[in-house]
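Novice: One structure is given below, represented as structure tokens, and several questions about it will come after.
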Amino acid sequence: MTVRVLVVDDSPTMRGLITAALRRDPEIEVIGSAADPLEAREAIKRLNPDVITLDIEMPNMNGLEFLEKIMRLRPMPVVMVSTLTQAGAGITLAALELGAVDAVGKPSAGVTAMEAFADLAAKVKVAARSRVRAGGAAPTAKPDADYRANKDMILAIGASTGGVEALLTILSSFPADCPATVVTQHMPATFTSSFAARLNKSSAATVEEASDGAPLTPGHIYIAPGGEAHLEVSGTTPRCRLVKSDTVSGHRPSVDVLFRSVARLRRPMAGLILTGMGRDGAQGLLEIRQAGGRTLGQDESSCVVYGMPKAAFEIGAVERQLPLNRLSAAILDVCADHPRDAVPVSV
């Protein structure tokens, strides 16, 4: 099946570069382009594309405003094409919160168009298969007011495509005394510090980008830095470790690496796998379950891309699958000092 794409960018040069990158893939057809949201609106009505690539800074209406209108009035898959600077990262994260499926960076100093757009076609094809929902998310179930976490518990969470929205939904309802939590989300290096800051504002817990040697403390959530290292957890008194090594399961940081390190700990543990493309995290989550840990996965209906949770479920790594709006309360329950659902399911 050919994916039909509309390219939206105010720069003729950039429209040409994006179009050329997409046309190198025989499964993608660029059916049109637009220089601003007003042109794009008419093109969407006329051409009915499968996916839109969307710039952020444009005349007449910026990309975020246009994206909000798309998601409210005519939800469809959108891949943002933006500058991956620190400032650009914050704006792009806002776009992912609004419902954009993914983002790629524009060419910059020392980065050619070939390099910048190397995975654009793959992301567009993933977007075409994604689930884009209209309107706001369903209300999120929250823990009881008297919730108390098991102070020895380590919770590990993994996510990829669609994970920004999923993690915001889950972590924003975490209490100040949540279990020590480590998170690997596939995203560029310039994004993770901005993402941690955004999560910190929305959660009662303290959210920070993980640093090498940082001790895992209840009430704290540690986000794996993007780019050059994997996040692991090790030690009798568990600490974050940033390990510079090759990609695992096609990623660095890798969810599998994080989950496997948690599975080696001699203490209570739990794992949660969220929306994302591919299989990263499936084997690691299985190892957590085999080590006696509790495991949950996001269900198909609420995933943007039901890849990682599906792979984990199919190999028996997931005890239960739940919709996004029920996952926060459920994972906190299995991490509680006296969980209601206290009997592990054997593999």
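Novice: From the list Ile56, Ile91, Ile31, Ile70, pick out the single residue that is outside any helix (DSSP H, G or I), modelled with pLDDT under 95 and either within 23 Å of Ala122 (Cβ to Cβ) or open to solvent by 50 Å² or more (accessible area, probe 1.4 Å) (or both). Let's see the steps before the verdict.
Specialist: Values: Ile91 fails: outside any helix (DSSP H, G or I); Ile31 fails: modelled with pLDDT under 95; Ile70 fails: outside any helix (DSSP H, G or I).
Answer to the selection: Ile56.
Novice: Restricting attention to the range 127-163, report how many residues are part of a helix (DSSP H, G or I) and either touching a Gly at 6+ places or on another chain (Cβ under 7 Å) or at pLDDT below 95 (or both).
Specialist: Narrowing the range 127-163 to residues part of a helix (DSSP H, G or I): 127-128, 163.
Those left that are additionally either touching a Gly at 6+ places or on another chain (Cβ under 7 Å) or at pLDDT below 95 (or both): 163.
Qualifying residue count, the range 127-163: 1.
Novice: Can you find a residue in the range 325-342 that is touching a Ser or Thr at 6+ places or on another chain (Cβ under 7 Å) and either in a helix (DSSP H, G or I) or among the charged types (D, E, K, R) (or both)? Quick ask: steps written out before the conclusion?
Specialist: Here is the first cut: in the range 325-342, the residues touching a Ser or Thr at 6+ places or on another chain (Cβ under 7 Å) are 325, 328.
Then drop every residue that is not either in a helix (DSSP H, G or I) or among the charged types (D, E, K, R) (or both), which leaves 325, 328.
Yes, some residue in the range 325-342 is touching a Ser or Thr at 6+ places or on another chain (Cβ under 7 Å) and either in a helix (DSSP H, G or I) or among the charged types (D, E, K, R) (or both).
Novice: Still on this structure, I have one more. Would you confirm whether any residue within the range 286-297 is of a type in the set (A, V, I, L, M, F, W, C), closer than 29 Å to Ala189 by Cα, over 18 Å from the mean Cα position of the chain (by Cα) and open to solvent by 10 Å² or more (accessible area, probe 1.4 Å)? Before the answer, list the steps.
Specialist: The first filter runs over the range 286-297 and keeps only residues of a type in the set (A, V, I, L, M, F, W, C), leaving 286, 288, 291, 296.
Checking the rest, the ones that are also closer than 29 Å to Ala189 by Cα come to 286, 288, 296.
If we keep only those that are over 18 Å from the mean Cα position of the chain (by Cα) too, we end up with 286, 288.
Narrowing the set further to residues that are open to solvent by 10 Å² or more (accessible area, probe 1.4 Å) leaves 286.
Checked the range 286-297: at least one residue is of a type in the set (A, V, I, L, M, F, W, C), closer than 29 Å to Ala189 by Cα, over 18 Å from the mean Cα position of the chain (by Cα) and open to solvent by 10 Å² or more (accessible area, probe 1.4 Å).
Novice: Looking only at the range 315-339, filter to residues that are among the charged types (D, E, K, R) and in contact with a helix residue (DSSP H, G or I) (Cβ under 8 Å, 6 or more places away or on another chain); which one of those is surrounded by the fewest Cβ atoms within 10 Å (Cβ to Cβ)? So that I can check it myself, show each step before the final result.
Specialist: At the first step, the residues of the range 315-339 found to be among the charged types (D, E, K, R) are 319-320, 326, 333, 337.
This time we only want the ones that are in contact with a helix residue (DSSP H, G or I) (Cβ under 8 Å, 6 or more places away or on another chain), so: 319-320.
Values: Glu319: 21, Arg320: 16.
My answer is Arg320.
Novice: Would the range 175-182 turn up any residue that is polar (S, T, N, Q) and modelled with pLDDT under 95?
Specialist: The first filter runs over the range 175-182 and keeps only residues polar (S, T, N, Q), leaving 181.
The next check asks that each one be modelled with pLDDT under 95; those that pass are none.
Within the range 175-182, not a single residue is polar (S, T, N, Q) and modelled with pLDDT under 95.
Novice: Turning to a different aspect of this structure: Counting only residues that are within 14 Å of Ala121 (Cα to Cα), open to solvent by 70 Å² or more (accessible area, probe 1.4 Å) and more than 26 Å from the chain's Cα centre (by Cα), how many does the range 2-28 have? Walk me through how you get there before you give the answer.
Specialist: Of the range 2-28, the ones within 14 Å of Ala121 (Cα to Cα) are 2-7, 17-28.
Retained after the next criterion (residues that are open to solvent by 70 Å² or more (accessible area, probe 1.4 Å)): 4, 23-24, 26-27.
Among the residues that remain, those that are also more than 26 Å from the chain's Cα centre (by Cα) are: 23-24, 26.
The number of residues fulfilling the criteria is 3.
Novice: Let me ask another. Can you tell me which residues in the range 187-203 are touching a helix residue (DSSP H, G or I) at 6+ places or on another chain (Cβ under 7 Å), in a loop (DSSP other than H, G, I, E, B) and within 20 Å of Val257 (Cβ to Cβ)? Steps first, answer last, please.
Specialist: Within the range 187-203, the subset touching a helix residue (DSSP H, G or I) at 6+ places or on another chain (Cβ under 7 Å) is 187, 190-191, 194-195, 198-199, 202-203.
Remaining after also requiring in a loop (DSSP other than H, G, I, E, B): 187, 203.
Across the range 187-203, the qualifying residue is only Met187.
Novice: Same structure again: Tell me, yes or no, whether the range 45-53 has at least one residue that is crowded, with 18+ Cβ neighbours inside 10 Å, without any contact (Cβ under 8 Å) to a residue 40 or more places away in the chain and not in a loop (DSSP other than H, G, I, E, B).
Specialist: Here is the first cut: in the range 45-53, the residues crowded, with 18+ Cβ neighbours inside 10 Å are 49-53.
From the residues that got through so far, the ones that are without any contact (Cβ under 8 Å) to a residue 40 or more places away in the chain too are none.
No, that holds for no residue.
The values are calculated or read from the model by the stated rules, or taken from the named source; none is laboratory data. Computed from a prediction, not measured in an experiment: that's the story for all the values here. Note that each Cβ is placed from the backbone with ideal geometry, even for glycine, and that neighbours are counted across all protein chains shown. Accessible surface is based on the protein model in full, side chains and every heavy atom, while ligands, DNA and RNA are left aside. Shrake-Rupley method; radii C 1.70, N 1.55, O 1.52, S 1.80 Å.
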